[in-house]
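Scroll down for the structure; my scribbles are underneath it.
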Amino acid sequence: MSNTKKSLTLLSELGEFGLIEHLTSNLPTYHKSTIKGIGDDAAVLDYGDKYLVMTTDMLMEGIHFDLVYTPMKHLGYKAAVVNFSDVYAMNAHPRQLLVSIAISKKFSVEALDEFYSGLRLACERYGVDLVGGDTSSSLTGLAISITAVGEVDKDKITYRSSAKENDLICVTGDLGAAYLGLQVLEREKKIYTESVGSQPKLDEYDYILQRQLKPETQKDIIDFFEKNNIVPTAMIDISDGLSSELLHICKQSEKGCSIYQQKIPIADQTIKVAQEFHLEPMICALNGGEDYELLFTLPLEKYDIILARNDVSIIGHITDQHAGCNLVTELGQQIPLLAQGWNAYKDEDKQ
Ligand code: ADP
Ligand code: MG
């Protein structure tokens, strides 16, 4: 027997995106109906007049959510909404949802009723049918896997990969709030567990907590595009932070970008709480995760029509690839954008 030991590769050497690339490189497709496989917010399938889009997300207790401060109803709502967000990111409308759960003995029927009341509410608000799933047991807590199916007219499908030079870079809502909501929840959890009986003080954090615990997704802007016959040139939802998502668009479109610091939307409460935590609000907006806003690019001639929407900020423009991807500061300095989004397999990160 040989005693040469083959050294194994640590997940942390590849990171989340590296691992996906590694596992899925050169996967063949056997069907013409597979229009887009891996690499966007959702897969795109051709089954008739329209395209079908499909996306799936997995949420693990202790990794993606902490039941110490996450109500089960909010969890159900958020689990559905984050999948709708990936469907909207393709310029599609979510229609059906499949929900699989693995549950340990610690959960009561009432707790799961709460979870489902959140799912039902999200389905009602966004007009989506819950059509199936799977139920299993777990030794270690709650695992949730959700798949959403949506539809879109074939000429309206929007990928990450088709941004053009000089396109406007736009973002809905504001950024960084959900990340700071998480910081507050983690801080209050620590105080609560260290001093029995103390009640968390959360009143003044309502906006950022809501952004963390019960996010909404951007149906309005997709309806607006439809009504106004606008098809974004590229789109992605912001789950891992603005920098990381914008770099995905630029890499896949083979372009560069310039975004302007003073144009990046940050809510007042986000700025206030960032200062409380001695964090730079801009860094939270660029790298904080879970905003579930939409980042999209539009041809320059759509400037007036998009400017009229007060829930959209025009933050910059697409450039030639050689110009790189840069943040222009208030003083006019150019700082290269870095992907510091959430990376599931980096040793030091936890979410
Ligand atoms: P998002 O943040 O929009 O949910 P991800 O970063 O999770 O997207 O995934 C990027 C792409 O990789 C998607 O096309 C997704 O379907 C695909 N993907 C992720 N994990 C796997 C996996 N284990 N096997 C195959 N494809 C995967
Ligand atoms: Mg996405």
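The values are calculated or read from the model by the stated rules, or taken from the named source; none is laboratory data. The structure presented is a predicted model; accordingly, all values stated were derived computationally and were not measured. Using ideal geometry, Cβ is built from the backbone for each residue, glycine included, and neighbour counts are taken over all protein chains shown.
A few comments on the model shown:
- Restricting attention to the range 166-214 and to residues that are hydrophobic (A, V, I, L, M, F, W, C) and touching a Cys at 6+ places or on another chain (Cβ under 7 Å), the residue that is farthest from Gln269 (Cα to Cα) turns out to be Ile169.
- Residue-level analysis places Lys164 outside the set of residues that are away from ligand 1 (no atom under 16 Å from the Cβ), farther than 15 Å from Thr70 by Cβ and either of a type in the set (A, V, I, L, M, F, W, C) or out of contact with any Pro (no Cβ under 8 Å at 6 or more places or on another chain) (or both).
- Pick from the range 216-241, criterion within 13 Å of ligand 2 (Cβ to nearest atom) and not acidic (Asp, Glu), ranking: farthest from Ser117 (Cα to Cα): Ala234
- Selected residue (only one of Lys201, Lys227, Lys219, Lys263 is at pLDDT below 95 and more than 16 Å from ligand 1 (Cβ to nearest atom)): Lys201
- Flag for Val312 being surrounded by 14 or more Cβ atoms within 10 Å (Cβ to Cβ), farther than 25 Å from Val87 by Cβ and in contact (Cβ under 8 Å) with a residue 60 or more places away in the chain: no
- Verdict on Leu98 being touching a Ser or Thr at 6+ places or on another chain (Cβ under 6 Å), free of Cβ contacts under 8 Å to residues at least 60 places away in the same chain and of a type outside the set (Val, Ile, Thr): yes
- Candidate set: the range 237-286, residues that are at positive phi and not small (Gly, Ala, Ser); chosen: the one surrounded by the most Cβ atoms within 10 Å (Cβ to Cβ): Glu254
- Helices (runs of 4 or more DSSP H) enclosed by the range 150-252 - at least 2 residues per element that are more than 23 Å from His93 (Cβ to Cβ) and touching a residue at least 12 places away in the same chain (Cβ under 8 Å): 177-194, 206-213
- Of Lys73, Lys78, all but one fail to be of a type outside the set (A, V, I, L, M), over 17 Å from Lys156 (Cα atoms) and within 16 Å of ligand 2 (Cβ to nearest atom); the exception is Lys78.
- Counting only strands (runs of 3 or more DSSP E) that fall entirely inside the range 258-347 and contain at least 3 residues that are among the aliphatic types (A, V, I, L, M), the qualifying elements are 294-298, 312-319.
- Counting only strands (runs of 3 or more DSSP E) wholly contained in the range 1-97, the ones carrying 3 or more residues that are surrounded by 15 or more Cβ atoms within 10 Å (Cβ to Cβ) and at negative phi occupy 43-46, 50-60.
- Unique residue being within 16 Å of ligand 2 (Cβ to nearest atom) and at pLDDT 95 or above when the list is Asp46, Asp66, Asp86: Asp86
For (1) away from ligand 1 (no atom under 13 Å from the Cβ); (2) aromatic (Phe, Trp, Tyr); (3) under 30 Å from Leu202 (Cα atoms), each residue gets a yes or a no:
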position: Lys6; (1), (2), (3): yes, no, no
position: Leu14; (1), (2), (3): no, no, no
position: Asn26; (1), (2), (3): no, no, no
position: Thr34; (1), (2), (3): no, no, no
position: Met60; (1), (2), (3): yes, no, yes
position: Phe107; (1), (2), (3): yes, yes, yes
